[in-house]
Amino acid sequence: MNAVVMIAVLSVANSSMYGATRTLQALAEQGQAPGILAYVDRKGRPLVSIGVASAIGLLSYLYVSDLKGRAFTWLLALSGLSSVFTWASICYAHIQFRAAWTQQGNHLSDLIYQSPIGVVGSWTGLVTLILILIAQFWVAVSPSGGTAETAGEKASNFFAAYLAMPVVLLFYAFYKVWYRPRWVRGRVVDLKTGRNEFETELVRRQWKEDMSEWPRWKIIYKTLC
């Protein structure tokens, strides 16, 4: 069992390090993070971002200190809802992308990849995640079996369960005030920058013809996975 846990932890750490460093590097390239984080060496490694993410990861050693109880509680409060916000933003981005794609006169058949459950799945996921946030807010405000009596204890318990929400709102508000970005309508969303140059009509048609010859087991596998 210890071996299984260690393998799982190493897998999560590896994927988290990759995702965090590439996110920092991409944000820096777009001017939404310090420019030094955009540095990439000749082998394509964002070394500065890797160093920053690794340094933050050292916070895990707080577990062997006298503050391990409080440290674990607050780190869990910061990261506990992070996946909910991440997937909610992904669902919303997909909904907006599909709307912009059709508003600009494109056909869904022109997409090389389409979500098997479409926009309906994104709406279902977004609504479900919002309900989870509402339920978590209720638990933070009125925990079951809570014994806190003073205002300080109630506030501490609330932020221990819902700290991620004010942090996300604070960063979002700071970004809006500092950069003053305008709301981009679907008709003018840039759907070309960043696309692969080889995605020509001929290549897309060839891919579709190849997919039409797939056996049924492969179609089912690709749909589910």
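Rolling a 1.4 Å probe across the protein heavy atoms gives the chain an accessible surface of 77 Å² per residue. Relative to the Cα centre, the charge distribution of the range 27-117, modelled as +1 at Lys and Arg Cβ and -1 at Asp and Glu Cβ, gives a dipole magnitude of about 180 debye. For the pair Ile219 and Ala3, label points projected 7 Å from Cα toward Cβ lie 4.2 nm apart. If the chain linking Asn14 and Ile112 were pulled fully straight, counting 0.36 nm for each residue of separation and taking away their Cα-Cα distance, it would gain 32.4 nm.
In order along the range 79-87, phi translates into HN-Hα couplings of 9, x, 9, 4, 5, 5, 5, 4, 6 Hz, rounded to whole numbers, per the Karplus curve 6.51 cos²θ - 1.76 cosθ + 1.60 with θ = phi - 60° and x for Gly and Pro.
At an R0 of 25 angstrom, the distance between the Cβ atoms of Ile134 and Ser156 translates into a FRET efficiency of 0.70. Applying both filters, DSSP loop and at most 16 other Cβ atoms within 10 Å, to the trypsin sites (Lys or Arg not before Pro) of the range 82-184 gives Arg182. Within the range 20-94, the trypsin sites (Lys or Arg not before Pro) that combine a DSSP coil assignment with at most 10 other C-beta atoms in a 10 angstrom radius are Arg42, Lys43. The translational diffusion coefficient of the chain, from Stokes-Einstein at 37 °C and 0.692 mPa s with a Kirkwood hydrodynamic radius over alpha carbon pairs, comes to 150 µm²/s.
A simple spin-label model places the labels of Thr73 and Val188 4.9 nm from each other, with each point 7 Å out along Cα-to-Cβ. Free of any chymotrypsin sites (Phe, Trp or Tyr not before Pro) that DSSP assigns to a loop and that have at most 16 other C-beta atoms within 10 Å, the longest stretch within the chain is 40-112.
Taking 25 Å as the straight-line reach from the Cα of Lys68, the lysines in range (excluding those fewer than 8 positions away in the same chain) are Lys154. Over the chain, what is the mean sequence separation of C-alpha contacts under 8 Å (at least six apart), divided by residue count, expressed as relative contact order in percent? Relative contact order for the chain comes out at 18 percent. To the nearest ten degrees, helix 164-179 and the longest principal axis of the Cα atoms of the chain are 60 degrees apart.
In plain terms, the chain is cut at each of the GluC sites (Glu not before Pro) found in a DSSP loop with at most 16 other Cβ atoms within 10 Å, and the longest leftover piece is 1-148. Carbon-plus-sulfur accessible fraction, the chain (probe radius 1.4 Å, protein heavy atoms only): 65%. Comparing Pro34, Pro116, Pro143 in a Gaussian network model of the chain where C-alpha atoms under 10 Å apart are linked, the largest mean-square fluctuation is found at Pro34. For the pair Asp41 and Thr86, a Förster radius of 25 Å applied to the C-beta separation gives a FRET efficiency near 0.35, rounded to the nearest 0.05.
The values are calculated or read from the model by the stated rules, or taken from the named source; none is laboratory data. If you're wondering where the values come from, they're calculated on a predicted model, not measured in any experiment. In this analysis, Cβ positions are derived from the backbone assuming ideal geometry, glycine residues included, and neighbour counts consider all displayed protein chains. Side chains are part of the model used for accessible areas, which takes the heavy atoms of the whole protein and leaves out ligands, DNA and RNA. Shrake-Rupley method; radii C 1.70, N 1.55, O 1.52, S 1.80 Å.
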